[in-house]
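The values are calculated or read from the model by the stated rules, or taken from the named source; none is laboratory data. In this text the structure is predicted, and so the values were computed from the model without any measurement. Cβ sites come from the backbone with ideal geometry, for glycine too, and all protein chains shown count toward neighbours. These area figures cover heavy atoms from the full protein model, side chains too; ligands, DNA and RNA do not enter into them. Shrake-Rupley method; radii C 1.70, N 1.55, O 1.52, S 1.80 Å.
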Amino acid sequence: MNHQRKTRDEKDRLSVNPLVGEANPAAGMEAAPPRNRLDAGPIAASAAYQLIHDELMLDGNARLNLATFVTTSMEPFAERIMTESQDKNMIDKDEYPMTAELEQRCVAILADLWHAPDPSHAVGCSTTGSSEACMLAGMALKRRWARRPENAERYASGVRPNLVMGINVQVCWEKFCNYWEVEPRYVPMEGDRFHLDPEAAAELCDENTIGVVAIMGSTFDGSYEPVGELCAALDRLQERAGHDVPVHVDGASGGMVAPFLDPDLEWDFRQPRVASINTSGHKYGLVYPGVGWAIWRDREALPDELVFHVNYLGGDMPTFALNFSRPGAEVVAQYYYFLRLGRDGYRAVQQASRDVATHLAREISALDSFRMLTWGDELPVFAFTVKDEVTAFNVYDVSRRLRERGWQVPAYSFPANREDLSVLRVVCRNGFSMDLADLLLQDLKRLLPELHAQPGPLHPAMTSTGFHH
Ligand SMILES: *Cc1c(COP(=O)(O)O)cnc(C)c1O
């Protein structure tokens, strides 16, 4: 072996502590295992565990991650029921009828929570997350539009359907439009309005609009979009122009917040125009990543031709999903939290997150260096920026410096027409306590004099930290 090949080969191998590796006969290792290809033979389980465990130490601390909406802490009994269900495949309805039953109960619970006119007739399914749920809901909108007698022929002759939404939609809606060949029509941000404007949305609709997406709430600033006003604007559009445009509510986060903290806000199936709603069970639903939900108002809202029928205990089980196999443990855990918390429990958990968010927003505002865009009083999420008169640092500097202490607070710029605006965003979730929030605040206070002493921003604008979503 020539020297160069040898060093490259060595670089491609994991570096192994002698206690774990070749010097330890129990590890069963003849040489350090290659990184990017299968080794010829096995090594001891304990050695494999140690090697991977060590590398994973470099991942951030999930609890200090204020960028994500996704659950980073669950209670021990929830983890236990998940561990017990880890071998269950959601699609094997025949083998795991009780897991299938728990999924159906969750669908009924959500349909009831979101005021479906007749929860026993609402249809819905679990998914791997809101993204899959949004793909399914978007497909249903598109198919419903294409099946209308007045559209069928035009669609067949090549007319392109469109979907109307705020520019602040989560990336899954861009994906939906791309993958399913639907024209996206975005309502831009204007001035201090950072989400969809109902009238502007109605203006973008025409006879080829399959629906309008409203977000509860926006990932950019945590604000709820005005679903009721949107529905009213679409009612007027129908009177004016005859287009009957359904609404899908993307409640990835808010679908599990608003019902408990803002019960009088009519954003859900109480609005007759709302055809379907999704949520992420793994966001404010409180389950670890891997579960979302899509619910349709009634059978009419979900064209039957999209539903596949699998054999279930000799009977018929309708399924609507992109995946075939998928883990059942998250669905079981969702039911665990529904059962365990009830309405009051969920309300207490979400209220605690909102209390932390509003407290933190007020305290940050009092520091006098920042301008708040939102206050954490809708989603427990708020966005803020550096005051105009501050010229020594920008939001990217703040994000980088907080990272030194382990806090992940994303900084990013807004989309059209507010590309000039860059913000920091804090997502408060279950497990981010008032005490942790005060520690974050202390760190921010400690950093501020140093930031103000900078000659100017150290990080160029428009360099998103890359970890917001
Ligand atoms: C997170 C989010 C999504 C995507 O959800 P996943 O569960 O991560 O797939 C879609 N829409 C909104 C508004 C979100 O916040």
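Go through region 242-252 and give me each residue that's out of contact with any Lys or Arg (no Cβ under 7 Å at 6 or more places or on another chain) and either under 28 Å from ALA352 (Cα atoms) or within 13 Å of the ligand (Cβ to nearest atom) (or both).
Passing the criteria: HIS248, VAL249, ASP250, GLY251.
Checking the condition open to solvent by 10 Å² or more (accessible area, probe 1.4 Å), assigned by TED's automatic domain parsing to the domain that holds GLY292 and over 20 Å from MET317 (Cβ atoms), which residue from ARG143, ARG105 passes?
Sole residue among the options that is open to solvent by 10 Å² or more (accessible area, probe 1.4 Å), assigned by TED's automatic domain parsing to the domain that holds GLY292 and over 20 Å from MET317 (Cβ atoms): ARG143.
Which of the following residues is farther than 27 Å from PRO289 by Cβ and in the same structural domain as LEU286 (by TED's automatic domain parsing): SER157, SER131, SER126?
The conditions single out SER157.
Conditions: (1) under 23 Å from THR71 (Cα atoms); (2) surrounded by fewer than 24 Cβ atoms within 10 Å (Cβ to Cβ). TYR284 meets all but one. Number of the miss?
The number of the failed condition is (2).
Just checking, does region 62-76 include any residue being open to solvent by 60 Å² or more (accessible area, probe 1.4 Å) and either under 22 Å from the mean Cα position of the chain (by Cα) or without any contact (Cβ under 8 Å) to a residue 60 or more places away in the chain (or both)?
Checking region 62-76: at least one residue is open to solvent by 60 Å² or more (accessible area, probe 1.4 Å) and either under 22 Å from the mean Cα position of the chain (by Cα) or without any contact (Cβ under 8 Å) to a residue 60 or more places away in the chain (or both).
Tally time: how many residues in region 79-120 are small (Gly, Ala, Ser) and more than 30 Å from TRP267 (Cα to Cα)?
Number of matching residues: 1.
In this structure, does GLY191 turn out to be more than 30 Å from ALA67 (Cβ to Cβ) and either exposed (fewer than 15 other Cβ atoms within 10 Å of the Cβ) or within 15 Å of the ligand (Cβ to nearest atom) (or both)?
So GLY191 fails the test.
Please give the number of the condition TRP293 fails out of (1) buried (at least 23 other Cβ atoms within 10 Å of the Cβ); (2) in contact with a Cys (Cβ under 9 Å, 6 or more places away or on another chain); (3) in a helix (DSSP H, G or I).
Of the numbered conditions (1) buried (at least 23 other Cβ atoms within 10 Å of the Cβ); (2) in contact with a Cys (Cβ under 9 Å, 6 or more places away or on another chain); (3) in a helix (DSSP H, G or I), the odd one out for TRP293 is (3).
Residues VAL356, VAL381: which one is touching a helix residue (DSSP H, G or I) at 6+ places or on another chain (Cβ under 6 Å), aliphatic (A, V, I, L, M) and either open to solvent by 40 Å² or more (accessible area, probe 1.4 Å) or not assigned by TED's automatic domain parsing to the domain that holds GLY191 (or both)?
VAL356
Sort out which residues of region 138-172 are in a helix (DSSP H, G or I), out of contact with any Pro (no Cβ under 7 Å at 6 or more places or on another chain) and within 16 Å of the ligand (Cβ to nearest atom), and write them in order of number.
Answer for region 138-172, where residues must be in a helix (DSSP H, G or I), out of contact with any Pro (no Cβ under 7 Å at 6 or more places or on another chain) and within 16 Å of the ligand (Cβ to nearest atom): GLY138, MET139, VAL171, CYS172.
Kindly indicate which of MET82, MET90 is closer than 30 Å to ALA275 by Cα, at pLDDT 85 or above and touching a Phe, Trp or Tyr at 6+ places or on another chain (Cβ under 9 Å).
Step by step, each of MET82, MET90 is checked, and only MET90 is closer than 30 Å to ALA275 by Cα, at pLDDT 85 or above and touching a Phe, Trp or Tyr at 6+ places or on another chain (Cβ under 9 Å).
Which fully enclosed helices (runs of 4 or more DSSP H) of region 197-274 have 3 or more residues being in contact with an Asp or Glu (Cβ under 8 Å, 6 or more places away or on another chain) and under 18 Å from MET165 (Cα atoms)?
Hits in region 197-274: 227-241.
Suppose we keep only residues that are within 13 Å of the ligand (Cβ to nearest atom) and out of contact with any Asp or Glu (no Cβ under 7 Å at 6 or more places or on another chain) within region 287-299. Which one would you say is farthest from ALA111 (Cα to Cα)?
The qualifying residue farthest from ALA111 (Cα to Cα) is PRO289.
Has region 253-260 got any residue that is within 14 Å of the ligand (Cβ to nearest atom) and of a type in the set (Phe, Trp, Tyr)?
Checking region 253-260: not a single residue is within 14 Å of the ligand (Cβ to nearest atom) and of a type in the set (Phe, Trp, Tyr).
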